[in-house]
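Every read-out reported here was derived from the displayed coordinates using simple, explicitly stated rules and does not represent laboratory data. Here the structure is a predicted model, which means the values were calculated and not measured. Cβ coordinates were reconstructed from backbone atoms using ideal geometry, including for glycine residues, and neighbour counts include every protein chain displayed.
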């Protein structure tokens, strides 16, 4: 059997785009500049993220959604486009990015991989696993990790209950859906300020869909807190 994880799709197959919401300030990271632009192993963090996505043949183009007026990121590559249409929320940035993608000729049944700019440790192998699992899926899906730790419910600083973790997953990215379906799911919540939308999968769930869960990796974490930078840099250096 051919190895589809490294093959480009046939010319009549849906295309696959990557969309990176990159307009956040990353206040929890405690950095002077947005965390996605902080240096990591000699490069701005977001460039490590882009490199992993660009190494996947089935990803035809990467679109990075930045805040209006953001002049930090300048990428001279025909397969990478920086769109200054970021919004105050992640959902708003993704919605604006999808609108731009459709305006540029994307088809409703093309795939889009929405990926956190700060998940710079994702690997091409993980992205390919998601593509392989979801390419023929009627809904799409997301990388996720089975909850490894005991989960507690808190009340006034004390444990109120222990939650069964056997069916619990930690959502990661990329999250892979049809451009038209995801745009419609987000549009349905736009008037309410995208209430209840915490990621793309939640938007699809609100629209009545059930995304596929594809096992990810603990290393595919989102750089969020100051101590995460040292861990991410150590992992990147160990790979090289």
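Separation of the stretch 189-218 and the stretch 45-81, taken as the distance between their Cα centroids, equals 23 angstrom. The Stokes-Einstein estimate for the stretch 54-133, based on a Kirkwood radius over Cα pairs and taken at 37 °C with 0.692 mPa s viscosity, is a diffusion coefficient of 238 µm²/s.
When the alpha carbon gyration tensor of the stretch 31-76 is reduced to an equivalent ellipsoid, its three semi-axes come out at 20, 14, 8 angstrom, largest first.
Within the listed set 67, 91, 13, the residue fluctuating most in the Gaussian network model of the chain (springs between alpha-carbon atoms under 10 angstrom) is 13.
As a calculated quantity, the FRET efficiency between residue 187 and residue 88 at R0 = 22 Å, using C-beta atoms, amounts to about 0.80. Taking a ≥ b ≥ c as the square roots of the eigenvalues of the Cα gyration tensor, an a/c ratio below 1.5 marks the chain as rounded.
Within the listed set 113, 147, 130, the residue fluctuating most in the Gaussian network model of the chain (springs between alpha-carbon atoms under 10 angstrom) is 147. Relative to the current alpha-carbon distance between residue 102 and residue 151, full extension at 0.36 nm per residue lengthens the span by 13.6 nm. Only Cα pairs under 8 Å and 6+ residues apart enter the sum, and on that basis the relative contact order of the stretch 21-163 stands at 23 percent. Ranked from largest, the principal axis spans of the Cα set of the stretch 117-240 equal 46, 39, 28 Å. Segment residue 224..residue 55, full-extension length gain: 58.4 nm, with 0.36 nm per residue of separation and the alpha-carbon distance subtracted. When a/c is below 1.5 the answer is rounded, else prolate if a/b is larger than b/c, else oblate, so apply that to the stretch 170-210 with a ≥ b ≥ c taken from the square roots of the Cα gyration tensor eigenvalues. Taking the square roots of the gyration eigenvalues as a ≥ b ≥ c, the stretch 170-210 is oblate. In percent, rounded to a whole number, the relative contact order of the stretch 169-240 is 25, using alpha-carbon pairs under 8 Å and six or more apart. Relative contact order of the chain, taken over Cα pairs closer than 8 Å and 6 or more residues apart, is 24 percent.
In this simple spin-label model, placing a label point 7 Å from the Cα along the Cα-to-Cβ direction at both residue 167 and residue 239 gives a separation of 3.4 nm.
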